[in-house]
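A.B. asks: I'd like to ask some things about the structure below.
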Amino acid sequence: MPKSTPIGNPDEQEGQLALDIYQTDAEIIILSAIAGVTEDDLNISVTDEVLTIKGKRRLEDKVPEEDYLTKECFWGDFSRSIVLPASADSVKISAAFKNGILRIAIPKVEKLQTKVIRIKT
């Protein structure tokens, strides 16, 4: 039986998370389905307006490579970084993890209205 191989470069040491990102009037929402991890396996950080999600998916079974019929799941370290839009309030980010779905909510900052400055003579 032929083996399936995961999409991507097999030499990569780290997997990349798939993300859905959308916005509402008040927030930017990031969703990611991350099966096989716990909250303790995840690390979310923000530096210089870049949000980074890192984690590790552990494989409990020890299976010799030659015994696999199909091997499509990624096991090991993974990460994903995204640049936050200027309208994101990176100080007030919140995250929840429920039923294998990571949900990050980033409040939007209110847009500043243009203020006219008069030059004094």
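A.B. asks: Would you say ILE104 is within 17 Å of the chain's Cα centre (by Cα) and closer than 16 Å to LEU17 by Cα?
C.D. replies: Answer is yes for this residue.
A.B. asks: Return the pairs, sorted by first residue and then second, in which the second residue is surrounded by 11 or more Cβ atoms within 10 Å (Cβ to Cβ) and not in a strand (DSSP E or B), the first residue lies in the range 38-51 and is in contact (Cβ under 8 Å) with a residue 40 or more places away in the chain and of a type in the set (A, V, I, L, M), the beta carbons are less than 7 Å apart, and the residues are 6+ apart or on different chains.
C.D. replies: VAL46/SER90; VAL46/ILE93; LEU51/LEU84
A.B. asks: Is it the case that the range 71-81 has a residue that's surrounded by 11 or more Cβ atoms within 10 Å (Cβ to Cβ) and either among the β-branched types (Val, Ile, Thr) or in contact with a Cys (Cβ under 9 Å, 6 or more places away or on another chain) (or both)?
C.D. replies: No.
A.B. asks: Condition test on VAL91, is it within 20 Å of ILE29 (Cβ to Cβ), under 19 Å from the mean Cα position of the chain (by Cα) and free of Cβ contacts under 8 Å to residues at least 24 places away in the same chain?
C.D. replies: Answer is yes for this residue.
Every read-out reported here was derived from the displayed coordinates using simple, explicitly stated rules and does not represent laboratory data. Model, not experiment: these values are computed from the prediction. Here Cβ is always computed from backbone atoms with ideal geometry, including for glycine, and neighbour counts include all displayed protein chains.
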